[in-house]
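**Student:** A single structure is presented below for examination.
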Amino acid sequence: MDIAVKKQKKTLLKRVWPLALVIAILAIALNYSAFLLQADYVIDNDTLVYGEVKQGPFSISVRGAGLLVPDKIKWLAASVDGHVERVVVKPGKSVKKGELIIELSNPRLKQLQEETKWELEAIIAESKASQAEQKSGLLFQKARMLDAKLNYQSSKLKLDAQRELFNNKTGAVSKIDYEKTKLETQQFNQRWKIQEEVLVSMTDNIVVQDNAHNSRINKMRKTLERAEQQVKDLMIYASLDSVVQDVSVEPGQRVNMGSNLAKLAQQDSLIAELQVAELLIGEVSIGQLVTIDTRNNTVSGIVARVDPAVVNGNVQVDVTFTEALPSDARPDLSVDGEIMITDIADTLYVSRPIFSQRQSNTTIYKLNQDGNLAQRTQVKLGKGSINQIQVIEGLAVGDRVIISDSSSWQKYQKVRIN
């Protein structure tokens with residue numbers, strides 16, 4: 001009997017355990033299916049980046065990359081046509097104002113200078129000859145006027161004497177002689193007046209001719225000065241104490257008037273030109289503090305200008321420095337700049353999700369407590385910084401969210417994370 005009982009127990013156990021195993025598998029399957037039904041999409045955890053909502057002080061800043069550029073740049077241009085004879089100074093050298101940088105040559109300009117000088121000398125000689133001739137003619141006219149005056153005065157004396165004798169009726173002077181003398185006196189007077197008018201006219205004419213000669217001489221002198229200046233312009237000198245940034249010509253090269261020859265920049269007068277993304281430029285304004293990183297040093301500055309145009313998705317921001325530049329600062333040095341917008345004493349913020357924009361309503365996937373499910377959540381964002389953004393509504397302290405790109409599965413309400 002004892003043996004029979006043991007056989008029944010063993011047989012019962014063999015019959016029950018497969019059923020229990022099936023029930024357990026079904027329970028696990030049902031639980032897993034229920035879990036699967038909670039999600040619309042499955043994502044690999046290794047492809048995600050998370051952020052946690054925090055609360056506290058929040059500094060808002062905007063970052064941009066750019067270059068150090070000279071604030072005072074001077075391009076030296078050719079004022080005349082010519083050939084480059086020699087390049088005296090190479091890029092990178094410091095020069096003083098008035099120091100020779102490039103020498104040009106143009107034989108035609110030097111020949112024009114000599115010819116203009118000779119023509120000026122010829123005009124001056126012609127003017128002197130004309131003045132001498134005019135002076136001689138003026139003296140001759142004065143002599144003729146003096147003769148006419150003397151003839152008039154002599155005739156007038158004769159007329160006065162005859163008038164006295166004629167009026168006294170002495171018979172010494174006939175009426176015919178008296179009238180004849182009277183007529184001659186009038187004629188001499190008219191001749192004297194005419195000669196006076198001729199003298200005045202000649203004097204005026206001499207003044208006019210002298211002015212004309214002087215004008216021609218002055219014009220030719222200006223022409224000579226211009227020719228001399230063109231010859232001087234063949235020598236290209238530094239216009240300020242600076243560093244030669246670029247020399248764009250070589251010996252033997254032909255240059256035309258107006259061509260840029262060399263670029264000068266003041267080494268101690270640099271600004272930073274930052275390129276800021278157009279989505280971040282909204283709160284940038286003149287006067288805001290900026291920290292410029294030269295990779296080896298940092299230096300403070302302020303926003304001096306914000307370009308009104310957008311180029312290739314960026315806006316240029318000019319920064320002037322409020323302290324001395326470090327020794328490694330030089331033109332065209334690559335730098336990073338952080339523009340300080342404002343500080344908020346206490347607020348919610350989170351690492352900035354990809355494609356998030358400041359002052360906007362958006363959807364973010366928030367993780368559950370276990371971290372294996374993420375649900376799309378409507379969130380209102382506030383001010384944005386470089387890597388963080390303010391949370392106005394929709395999230396609480398400690399919430400974890402997905403901040404990597406979710407555009408490919410944005411249409412799903414819930415996603416499961418493996």
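**Student:** Restricting to region 276-322, give me the number of residues that are outside any strand (DSSP E or B) and of a type in the set (Ser, Thr, Tyr).
**Tutor:** Matching residues across region 276-322 total 3.
**Student:** Quick one: which residue in Leu76, Leu68, Leu120 is modelled with pLDDT of 90 or more, within 44 Å of the chain's Cα centre (by Cα) and assigned to a helix (DSSP H, G or I)?
**Tutor:** Leu120
**Student:** With respect to the numbered conditions (1) open to solvent by 70 Å² or more (accessible area, probe 1.4 Å); (2) among the aliphatic types (A, V, I, L, M); (3) under 30 Å from Gln267 (Cβ atoms), which one is the sole condition not fulfilled by Met340?
**Tutor:** It fails just one condition, (1).
**Student:** While we're here: May I ask you to verify whether Leu109 is among the hydrophobic types (A, V, I, L, M, F, W, C), over 23 Å from Gln190 (Cβ atoms), in contact with a Lys or Arg (Cβ under 8 Å, 6 or more places away or on another chain) and in a helix (DSSP H, G or I)?
**Tutor:** No; evaluated as a whole, the condition is false for this residue.
**Student:** Against the condition within 30 Å of Ile194 (Cβ to Cβ), part of a helix (DSSP H, G or I) and more than 30 Å from the chain's Cα centre (by Cα), how does Leu146 come out, does it pass?
**Tutor:** Answer is yes for this residue.
**Student:** Tell me which of these Ala212 doesn't satisfy, since it passes every other one: (1) more than 30 Å from Glu103 (Cβ to Cβ); (2) assigned to a helix (DSSP H, G or I); (3) in contact with a helix residue (DSSP H, G or I) (Cβ under 8 Å, 6 or more places away or on another chain).
**Tutor:** It fails just one condition, (3).
**Student:** Right, next: If a residue has to be more than 22 Å from Ser259 (Cβ to Cβ) and of a type outside the set (Lys, Arg) to count, how many in region 45-98 make the cut?
**Tutor:** Going through region 45-98 one residue at a time, the tally reaches 25.
**Student:** Quick check, is Ile194 modelled with pLDDT of 90 or more, surrounded by 13 or more Cβ atoms within 10 Å (Cβ to Cβ) and more than 30 Å from Gln229 (Cα to Cα)?
**Tutor:** yes
**Student:** If you check Thr181 against the conditions, is it modelled with pLDDT under 90, of a type in the set (S, T, N, Q), in a helix (DSSP H, G or I) and buried (at least 16 other Cβ atoms within 10 Å of the Cβ)?
**Tutor:** The answer is yes for Thr181.
**Student:** Based on what the data block shows, is Val379 closer than 30 Å to Glu273 by Cβ, modelled with pLDDT of 90 or more and touching a Leu at 6+ places or on another chain (Cβ under 7 Å)?
**Tutor:** no
**Student:** When both residues are 6+ apart or on different chains and their Cβ atoms are under 6 Å apart, which pairs have a first residue that lies in region 123-141 and is in a helix (DSSP H, G or I), and a second that is open to solvent by 60 Å² or more (accessible area, probe 1.4 Å) and modelled with pLDDT under 90?
**Tutor:** none
**Student:** Would you check if there is a residue in region 361-375 being under 41 Å from the mean Cα position of the chain (by Cα) and either touching a residue at least 12 places away in the same chain (Cβ under 8 Å) or open to solvent by 20 Å² or more (accessible area, probe 1.4 Å) (or both)?
**Tutor:** Checked region 361-375: at least one residue is under 41 Å from the mean Cα position of the chain (by Cα) and either touching a residue at least 12 places away in the same chain (Cβ under 8 Å) or open to solvent by 20 Å² or more (accessible area, probe 1.4 Å) (or both).
**Student:** Take Thr223 and tell me if it is over 60 Å from the mean Cα position of the chain (by Cα) and surrounded by 14 or more Cβ atoms within 10 Å (Cβ to Cβ).
**Tutor:** no
**Student:** (1) free of Cβ contacts under 8 Å to residues at least 24 places away in the same chain; (2) in a strand (DSSP E or B); (3) over 18 Å from Ile60 (Cβ atoms): which one isn't true of Val335, the others all being true?
**Tutor:** Of everything listed in (1) free of Cβ contacts under 8 Å to residues at least 24 places away in the same chain; (2) in a strand (DSSP E or B); (3) over 18 Å from Ile60 (Cβ atoms), Val335 misses just condition (1).
**Student:** Go through region 94-104 and give me each residue that's surrounded by 13 or more Cβ atoms within 10 Å (Cβ to Cβ) and not acidic (Asp, Glu).
**Tutor:** Selection gives Val95, Leu100, Ile101, Ile102, Leu104.
**Student:** I would also like to ask the following. For region 44-84, how many residues meet the condition of being β-branched (Val, Ile, Thr) and surrounded by 15 or more Cβ atoms within 10 Å (Cβ to Cβ)?
**Tutor:** Looking only at that region, the number is 6.
**Student:** Based on what the data block shows, is Val311 surrounded by 19 or more Cβ atoms within 10 Å (Cβ to Cβ) and modelled with pLDDT of 90 or more?
**Tutor:** So Val311 fails the test.
**Student:** Pairs, please: C-beta under 7 Å, at least 6 apart or cross-chain, first residue more than 18 Å from Gln230 (Cα to Cα) and in region 69-85, second open to solvent by less than 10 Å² (accessible area, probe 1.4 Å) and not in a strand (DSSP E or B)?
**Tutor:** Close Cβ pairs (under 7 Å, with a partner that is open to solvent by less than 10 Å² (accessible area, probe 1.4 Å) and not in a strand (DSSP E or B)) do not exist here.
**Student:** Right, here's the next one. Determine whether Ala329 is in a loop (DSSP other than H, G, I, E, B), under 20 Å from Gly64 (Cβ atoms) and at pLDDT 90 or above. Please lay out each step first, then the result.
**Tutor:** Numbers: in a loop (DSSP other than H, G, I, E, B): yes; under 20 Å from Gly64 (Cβ atoms): yes; at pLDDT 90 or above: no.
Against the criterion (in a loop (DSSP other than H, G, I, E, B), under 20 Å from Gly64 (Cβ atoms) and at pLDDT 90 or above), Ala329 does not qualify.
**Student:** Filter region 332-355 down to the residues that are modelled with pLDDT of 90 or more and among the polar types (S, T, N, Q), then identify the one that is nearest to Thr47 (Cα to Cα).
**Tutor:** By that ranking, first place goes to Ser351.
The values are calculated or read from the model by the stated rules, or taken from the named source; none is laboratory data. The model shown is predicted, which means the values in this text are computed figures rather than measured ones. Methodologically, a virtual Cβ is constructed for each residue, glycine included, from the backbone with ideal geometry; neighbour enumeration extends over all protein chains shown. Please note that ligands, DNA and RNA were not included when accessible areas were found on the heavy atoms of the full protein model with its side chains. Shrake-Rupley method; radii C 1.70, N 1.55, O 1.52, S 1.80 Å.
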